[in-house]
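Written below as structure tokens is the structure these notes are about.
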Amino acid sequence: QTGQEHLQRASLGMWGHEWRSGGTRDCGVASAGAWCERKSLYPLFPHGRVINAGKSQHNEDQACCEVVFVERRPSLRGRPPSRESSGELDGGRKGFYFHYWALFDGHAGSGAAVMASKRLHLHICEQAGPAESSRVSLTEDDGEVPNDAVPRFHLEKAVSHESLVIGAIENAFKHMDDQIERERSSQRLCGGCCALAAVYLMGKFYVANAGDSRAIIIRNGEIIPMSREFTPETERQRLQFLAFLRPELLGKEFTHLEFPRRIQPKELGRKMLYRDQNMNGWAYKKIEEDDLKFPLIYGEGKKARVMATIGVTRGLGDHDLKVFSSNIHIKPFLSCFPEVRVYDLTQYEHCPDDVLVLGTDGLWDVTNDKEVAGPAGSGLTAELHCAVPPRYTMVAQELVVRSRGVLKERGWRLANDKLGSGDDISVFVIPLGGPGNYT
């Protein structure tokens, strides 16, 4: 479909069937001691969602939004959770709800992004079961610690409910990556994907990011970053430290040191600026034979690459990714674990034009935070007295159209005549307050 057809379908509210193979049907997944029931979030909450695939034959962006009920089942030891800790609902069902939005920016194919869009929230459901309890236990079965096992000077670290949720989301990303690895051959899953997910649970938003997609909150005109990009430049020291500890991963073709430019053989013995895994600044060193190898991280900005291959350092998939014309695997340098940031909605009063914006890099490559906040604020204010939920979709559509640009003789151009985004663009605009709030 062309980008215009995508935008038309979005304005007609038809995205529920485009993004989810199951449409809006209820479904469940069984897990150890927990049951997950999910329903499509589209008809329940007003939010914007638009994908533009007008510049590529296949759209590698995928998305998902669900409202999920996690029902706690009796443990294997036959001890049901208490009414107080499990949050018993009407009808005797014990558990809790969470709301979920996610964007997946695929690369080298859409396989990993498609699977993650269908399964990540189910892994979160499976991992989130223990987080419902207000009392944190050190062991899953909450058994008593034998007297002879208690150290003389015993200190039990305090574990908050918030950290349990963060841990559940982090673990879910790891399990999702493991599933992609197990099933990549049978399901023909190619490539990998960046993953950006927002979970609303018990008054708080948990925004988890692995990749170069980003999220911001716009509250009363203020811009609050809820993620950061993970690229070869932002994670340089982590990558260099791993290569320093395990030089065999470099395949005798790369060096973990960084130089301002490629070293030429005629420069052996001279002094050149460099930095290693311990340095933020630059210093001089004498050039040796090993320094002639290709640097682990090369380039800058959007052109920076790990082993001259990939421009993101966190995400899902990429288990078969290798350096071109070699047997050097790149996956050891890529992390599937997200950074999770928390925003407490109960600490502030929100109005209908306070929103959380999730976007893939197709948006942020050509649009900065202030430019995103402009259409979000003005668009919502203009529609403030309109009771039609698609006003958030209209804002998301406006952000996509602005970032895509207009087709001219010299290509797709923005309003300032700069090049528009050449990438797939996906945007969620999620209201934080007003008639569609979550309380």
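Summary table
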quantity: Highest average packing first - 186-196, 407-417, 247-257, 273-283, Cβ atoms within 10 Å; calculated: 186-196, 247-257, 273-283, 407-417
quantity: Packing-based ranking, highest mean first, of 363-372, 164-173 given that Cβ atoms within 10 Å are counted; calculated: 164-173, 363-372
quantity: Computed P(r) (all Cα pairs; the range 175-243; 10 Å bins; percent); calculated: 16, 31, 35, 16, 3
quantity: Quotient of Cα Rg and 2.2 N^0.38 Å for the range 267-349, N being how many residues it contains; calculated: 1.57
quantity: Listed peptides 202-213, 346-357 by packing density, highest first (mean Cβ within 10 Å); calculated: 202-213, 346-357
quantity: Per residue, the convex hull volume that the Cα atoms of the range 322-381 enclose (Å³); calculated: 120 Å³
quantity: Accessible surface of the range 256-386 [probe 1.4 Å, protein heavy atoms]: carbon and sulfur percent; calculated: 50 percent
quantity: Solution diffusion estimate, µm²/s, Stokes-Einstein, the range 247-296, Kirkwood Rh from C-alpha pairs, 20 °C, viscosity 1.002 mPa s; calculated: 191 µm²/s
quantity: Links that overshoot a 23 Å alpha carbon limit, given the list 271/322; 118/370; 94/174; 302/331; calculated: 271/322; 118/370; 94/174
quantity: Calculated P(r) of the range 246-393 - Cα pairs past 23 Å, %; calculated: 58 percent
quantity: Stokes-Einstein D in µm²/s, Kirkwood radius over Cα pairs - the range 309-356 at 37 °C with 0.692 mPa s viscosity; calculated: 230 µm²/s
quantity: Radius of gyration and maximum dimension Dmax of the range 161-281, Cα, Å; calculated: 20.0, 63
quantity: Theoretical gain in end-to-end length, residue 237 to residue 369 [0.36 nm per residue, Cα-Cα removed]; calculated: 44.9 nm
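The values are calculated or read from the model by the stated rules, or taken from the named source; none is laboratory data. What you see is a predicted model; the values in this text were computed from it and never measured. Backbone-built Cβ (ideal geometry, glycine too); neighbour counts: all protein chains shown. All accessible areas refer to the heavy atoms of the entire protein, side chains included, with ligands and DNA or RNA removed. Shrake-Rupley method; radii C 1.70, N 1.55, O 1.52, S 1.80 Å.
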